[in-house]
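J.: The structure is given below, and queries will be raised subsequently.
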Amino acid sequence: TDKDGHNFSIFWVLVSVILGAIAMLCKEQGITILGLNAVFDALVINKLNVLELIRKLLHKDKSLENVGLLRKGLLFRITLLMSGGASILYIRWRIMGTGPPAFTEVDNPASFADSPFVRAINYNYYYSLNAWLLLCPWWLCFDWSMGCVPLIKSVSDWRIIALAALWFCLIGLICQALCSEDSHKRRILTLGLGFLIIPFLPASNLFFRVGFVIAERVIYLPSIGYCILFTYGFSLLSKQAKKKKILAVAVLGILLINVMRCALRSSQWRSEEQLFRSALSVCPLNAKVHYNVGKNLADKGNQSAAIKYYREAVRLNPKYVHAMNNLGNILKERNELQEAEELLSLAVQIQPDFAAAWMNLGIVQNSLKRFEEAEQSYWTAIKHRKKYPDCYYNLGRLYADLNRHIDALNAWRNATVLKPEHSLAWNNMIILLDNTGNLAQAEAVGREALELIPNDHSLMFSLANVLGKSQKYKESEALFLKAIKANPNAASYHGNLAVLYHRWGNLDLAKKHYEVSLKLDPMAPGTKENYNLLRRKLEQLQKKGG
């Protein structure tokens, strides 16, 4: 080619490499686009004769230009693509810390099998399942790990048939792609197979262990090759078929079914509940599916149903610590403390650095009045997760129960340092300081908290109580009213504002807010007694006035 044409070609190759790098930053599979570009360049643009090239390479024939390898700078462009790809991989390798991610056996059981035969058989079975999903995308699941696909451990397993079917089809297509006398057919089949196989290679477990059994996302790019092969197969059939209309109707039917399946699957992805429940019929042996259904139900407040799915998740995977932790949490809230403690103890035994489980175990032990063990559990959680504000908050509650007020205040202060918007920790500090008579310090903490969380009505309420006791009635009244505006149905807010008016001598407003408080909560402790005192005082005033 001329000089200008060659420069233009180099420019677009470099653009391709840059776009491939950007694609890889989104998802690792994106780098395979460089391989697809090389295949497209060779087969479509340069019309490379693959069979002839293989023959010449086998016979060590140096006249490669005749088969198109050097024509129009093809070899140079492929070298450029490969160099760019290698550079991107190196950079990615350095970013990852010069090592692959760590995966567990539940993520990819076949890769942890001791026998190379078992590994090879199961990898090939995974390939056949991926091929089936391309042909018939009916079994779709958001997660295929945790026992979803049981391992093939002997040749007597009937699933071996799937492997044989896959390789029978692949070998047949490869033979046609290489040996067919029709050069156009060879080119189309080679292009289709290249587009089918190359993007799938990163997920094949051939070069490194991957963290999944099947991931539907990895067959998006290979579907290009599948579409090329399907379309070419249809064109061959249409040339030979006598009743072309029947064939056209069949293809349109397949297309319509796939469009409907796509629409159904898209609707399932619109909500977590539908997505997780759709997986139950596809992967009933997958503990993670049951865990996610349970978590979704728990988030919606349906604890009874959530327990059922969490129990099933633990049954399917007895080492599933996250399911144990969540189940233990629900049982703790339902006051089934004994079983909750057993589950959480087992979870931390299986995974000793599971900070959340240690904290929840501490909460259960605290509820069981085993304070020393609870304190030890909280500190173990903090050891494994240094920045754990919720754990410091719970540790503070434990110290408050033990009347270790300074330790409690320090723990809550640590919680607010780590998480300045931790409203509960701020509130507990204010209330503890208030209850222990440290009104000036309580006021300072309350003001600091409201600066950080200005719209928190519970903080307004706590600070208003402190200000009322300090006889700063006007400021206290403003905060009470602001808190009531944010949460008008809190009986205690109206009741304490009524107490403030009562002290202040504003008896009519005190009467009004006592009545609102009693209307919202007739059993509010102390409110009825204070209201009766006020009424008697008003009656006495009326008599004196009379």
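The values are calculated or read from the model by the stated rules, or taken from the named source; none is laboratory data. Source: prediction; values computed, not measured. Every residue, glycine among them, receives a Cβ derived from its backbone with ideal geometry; neighbour counts consider all protein chains shown. Side chains are part of the model used for accessible areas, which takes the heavy atoms of the whole protein and leaves out ligands, DNA and RNA. Shrake-Rupley method; radii C 1.70, N 1.55, O 1.52, S 1.80 Å.
J.: When the solvent-accessible surface of protein heavy atoms is calculated with a 1.4 angstrom probe, in what order do CYS136, CYS262 fall, highest first? Show your work: numbers first, answer last.
T.: Values: CYS136 50, CYS262 80 Å².
Accessible-area ranking of CYS136, CYS262, largest first: CYS262, CYS136.
J.: Counting pairs of alpha carbon atoms under 8 Å apart in space and at least six apart in sequence, what relative contact order in percent does the chain give? Write out the running numbers ahead of the final one.
T.: Working: 610 pairs, mean separation 37.2, N = 546.
Relative contact order of the chain: 7 percent.
J.: I need the trypsin sites (Lys or Arg not before Pro) found in segment 346-405, filtered to DSSP loop residues with at most 11 other beta carbons within 10 Å of theirs. Write down the numbers at each step before the final one.
T.: Values: sites: LYS369, ARG370, LYS383, ARG385, LYS386, LYS387, ARG397, ARG404; in loops: LYS369, ARG370, ARG385, LYS386, LYS387, ARG404.
In loop regions of segment 346-405 (DSSP not H, G, I, E or B), the sparsely surrounded trypsin sites (Lys or Arg not before Pro) are LYS369, LYS386, LYS387.
J.: Here's a follow-up. Averaged per residue, what accessible surface does segment 440-546 expose to a 1.4 Å probe, in Å²? Show your work: numbers first, answer last.
T.: On the way: 6150 Å² over 107 residues.
Per-residue value: 58 Å².
J.: Where does each of TRP138, TRP167, TRP158 land when they are ordered by accessible area, with a 1.4 Å probe and the largest first?
T.: TRP158, TRP138, TRP167
J.: Leaving out ligands and nucleic acids, note down the accessible area per residue over segment 115-240 with a 1.4 angstrom probe, in whole Å². Provide the component values of the computation, followed by the final result.
T.: Details: 6570 Å² over 126 residues.
Averaged over the residues of segment 115-240, the accessible area is 52 Å².
J.: In addition: Based on the Cβ-Cβ distance of GLN471 and LYS27, what FRET efficiency does E = 1/(1 + (r/R0)^6) give at R0 = 56 Å, to the nearest 0.05? The partial results should precede the final answer.
T.: Working: r = 64 Å, r/R0 = 1.15.
Calculated transfer efficiency: 0.30.
J.: While we're here: If you count only protein heavy atoms and use a 1.4 Å probe, how large is the accessible surface of MET82, to the nearest 10 Å²?
T.: Only protein atoms counted, so the area is about 130 Å².
J.: Restricting to Cα pairs below 8 Å that are 6+ residues apart, what does the relative contact order work out to for segment 115-240? Please round to a whole percent. Provide the component values of the computation, followed by the final result.
T.: Details: 101 pairs, mean separation 36.6, N = 126.
After rounding, I find 29 percent.
J.: While we're looking at this one, here's another question. What do you reckon, how do LEU89, LEU178 stack up by accessible area (1.4 Å probe), largest on top? Please list the in-between numbers first.
T.: Working: LEU89 95, LEU178 50 Å².
The residues order as LEU89, LEU178, largest area first.
J.: Tell me, what is the per residue accessible area of segment 289-396 in Å², probe radius 1.4 Å? Numbers along the way, then the final one.
T.: Working: 5040 Å² over 108 residues.
Counting only protein heavy atoms, the per-residue value for segment 289-396 is 47 Å².
J.: Given a Förster distance of 45 angstrom, what is the FRET efficiency for GLU451 paired with VAL249, based on the Cβ-Cβ distance and rounded to 0.05?
T.: Working: r = 72 Å, r/R0 = 1.59.
E between GLU451 and VAL249, to the nearest 0.05, is 0.05.
J.: Can you figure out the FRET efficiency of HIS405 with TRP504, using R₀ = 35 Å and their beta-carbon distance, to the nearest 0.05? All intermediate terms of the calculation are to be shown ahead of the outcome.
T.: Values: r = 30 Å, r/R0 = 0.86.
Taking R0 as 35 Å, the efficiency between HIS405 and TRP504 is 0.70.
J.: Residue by residue through segment 159-165, what is 3J(HN,Hα) from phi via Karplus (6.51 cos²θ - 1.76 cosθ + 1.60, θ = phi - 60°)? Round to whole Hz and write x for glycine and proline.
T.: 5, 4, 4, 4, 5, 4, 5
J.: Right, here's the next one. What are the ³J(HN,Hα) couplings of segment 134-151, residue after residue, when phi is run through the Karplus curve with 6.51, -1.76, 1.60 and θ = phi - 60°? Round to Hz, x for glycine and proline.
T.: Using θ = phi - 60°, the values come out as 5, 6, 9, x, 9, 7, 10, 9, 6, 8, 10, 8, 6, x, 4, 10, x, 5 Hz.
J.: Between ALA444 and VAL259, with labels modelled 7 Å along Cα→Cβ, what's the label distance in nm to one decimal, could you check?
T.: Label at ALA444, label at VAL259, 7.2 nm between them.
J.: How are the alpha carbon pair distances in the chain distributed across 10 Å bins from zero to the largest one, expressed in percent?
T.: In whole percents, the pair-distance histogram is 3, 12, 16, 18, 14, 11, 10, 8, 5, 2, 1, 0, 0.
J.: Expressed as a whole number of Å, what is the distance separating the alpha-carbon centroids of segment 237-309 and segment 149-200?
T.: A separation of 26 Å, based on Cα centres.
J.: Let me ask you something else. Using a 1.4 Å probe on the protein chains only, how many percent of the accessible area of the chain belongs to carbon and sulfur? Could you put the intermediate results ahead of the total?
T.: Values: 18680 of 30460 Å².
C and S atoms contribute 61 percent here.
J.: What dipole magnitude, in Debye to the nearest 20, does the chain give about its Cα centre under +1 on Lys/Arg Cβ and -1 on Asp/Glu Cβ?
T.: Numbers: 64 positive and 44 negative charges, 288 e Å.
That gives a dipole near 1380 debye.
J.: Which residues does the label zone of ILE10 cover in segment 80-96, counting backbone N under 14 Å from a point 7 Å along Cα→Cβ?
T.: Those under the cut-off are 80-81.
J.: Where Lys and Arg each count +1 and Asp and Glu each count -1, what net charge lies around SER16 among other residues with Cβ under 14 Å from its Cβ? Before the final figure, lay out the partial values.
T.: Working: positive: ARG77; negative: ASP41.
The answer is 0.
J.: From the helices alone, meaning DSSP H stretches of at least four residues, give me the mean residue ellipticity at 222 nm for the chain, per-run term -39500 (n - 2.57), in deg cm²/dmol to the nearest 500.
T.: Calculated from helices alone, the mean residue ellipticity at 222 nm is -23000 deg cm²/dmol.
J.: Here's another thing I want to ask about it. Tell me, what HN-Hα J-couplings in whole Hz come from the Karplus equation 6.51 cos²θ - 1.76 cosθ + 1.60 at θ = phi - 60° for each residue of segment 74-83, using x for Gly and Pro?
T.: Along segment 74-83, the couplings run 4, 4, 5, 5, 5, 4, 5, 4, 5, 5 Hz.
J.: Moving on to the next point. With every protein chain present, what accessible area does TRP504 have (1.4 Å probe, heavy atoms only), rounded to the nearest 10 Å²?
T.: Answer for TRP504: close to 90 Å² accessible.
J.: Please work out the ratio of the alpha-carbon Rg of segment 293-365 to 2.2 N^0.38 Å and round it to two decimals.
T.: Working: Rg = 11.1 Å, N = 73, 2.2 N^0.38 = 11.2 Å.
With N residues counted in segment 293-365, Rg over 2.2 N^0.38 Å equals 0.99.
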